[in-house]
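The values are calculated or read from the model by the stated rules, or taken from the named source; none is laboratory data. These numbers were taken from a predicted model, which means no experiment stands behind them. Note that each Cβ is placed from the backbone with ideal geometry, even for glycine, and that neighbours are counted across all protein chains shown.
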Amino acid sequence: MSRPLNFDLIAFDWDGTLYDSTQFIVRSIQAAVVDVGGAKPSDEAASYVIGLGLMEALAHAAPDVPESRYPELNQRYKHHYMQRQHDISLFDGALVLLAELKERGHILTVATGKSRLGLDEALRAVELKGRFDGSRTADETAGKPHPRMLHELMREFDVPPERTLMIGDTTHDLQMALNAGCASVGVSYGAHEPDAFEVLKPRAVLHSVSELQTWLSAHA
């Protein structure tokens, strides 16, 4: 197995990057806020917080909900999300992409704003257990864009920042990579509009899993 061209470690965001869950998360956030008496966030406001730690995301999306009701808000979000989480799937082509990267010798990891419980459940649901070499979640490290997730993954696998690539669909992902001294790639088919990506200096902004696969084959 040959050594990867430029990046030994590839860290993927989960929701909106590998997992086609953006719209469902938006609807779950909106329903949770309304349940506790807050004003329904716009689609833009609800999608902006995807990728952050859950409590930080809910607080940002519901500025009119008092902090004393955050635990209830959290529970209502989980209620709405859990109702249909098994109806959500990987983006088309994601499994083939991961298999190809694994075959080429990349260390594959996940760096996500999901909870550990939520990520493990998602991995089981889509039969991905064991396909990744490591993962970090917001509740066990620090929420994005803090670089702790990437720092821990790099230490775990003894990979320097210049050999690490972060792939994500939000400005939080790309800012985290910049904070960690890593390269990044943005994908435009998730939660955030790609117009905001340029200032965060991604190596590329790609518009489908197929485009991502082609770019990684040539550059990773």
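Selection within the stretch 15-45: residues that are surrounded by fewer than 22 Cβ atoms within 10 Å (Cβ to Cβ) and hydrophobic (A, V, I, L, M, F, W, C). The member of this set that is nearest to residue 90 (Cα to Cα) is 24.
Taking the listed residues 94, 99, the one that is modelled with pLDDT of 90 or more, surrounded by fewer than 20 Cβ atoms within 10 Å (Cβ to Cβ) and either out of contact with any Asp or Glu (no Cβ under 8 Å at 6 or more places or on another chain) or more than 12 Å from residue 53 (Cβ to Cβ) (or both) is 99, with no other qualifying.
Condition first: of a type in the set (Gly, Ala, Ser) and under 23 Å from residue 43 (Cα atoms). Now tell me which residues in the stretch 190-220 satisfy that. The answer is 190, 191, 196, 208.
Quick check on the stretch 44-61. Is at least one of its residues outside the structural domain of residue 170 (by TED's automatic domain parsing) and more than 26 Å from residue 147 (Cα to Cα)? So far as the stretch 44-61 goes, no, none of its residues is outside the structural domain of residue 170 (by TED's automatic domain parsing) and more than 26 Å from residue 147 (Cα to Cα).
Residue 32 falls short on exactly one of the conditions (1) of a type in the set (Gly, Ala, Ser); (2) touching a residue at least 60 places away in the same chain (Cβ under 8 Å); (3) in contact with a Phe, Trp or Tyr (Cβ under 7 Å, 6 or more places away or on another chain), and that condition is (2). Out of 45, 57, 32, one residue alone is within 21 Å of residue 194 (Cβ to Cβ), more than 16 Å from the chain's Cα centre (by Cα) and not in a strand (DSSP E or B). It is 45.
Within the stretch 1-29, the set of residues being part of a loop (DSSP other than H, G, I, E, B), at pLDDT below 90 and more than 13 Å from the chain's Cα centre (by Cα) comprises 1, 2, 3, 4, 5.
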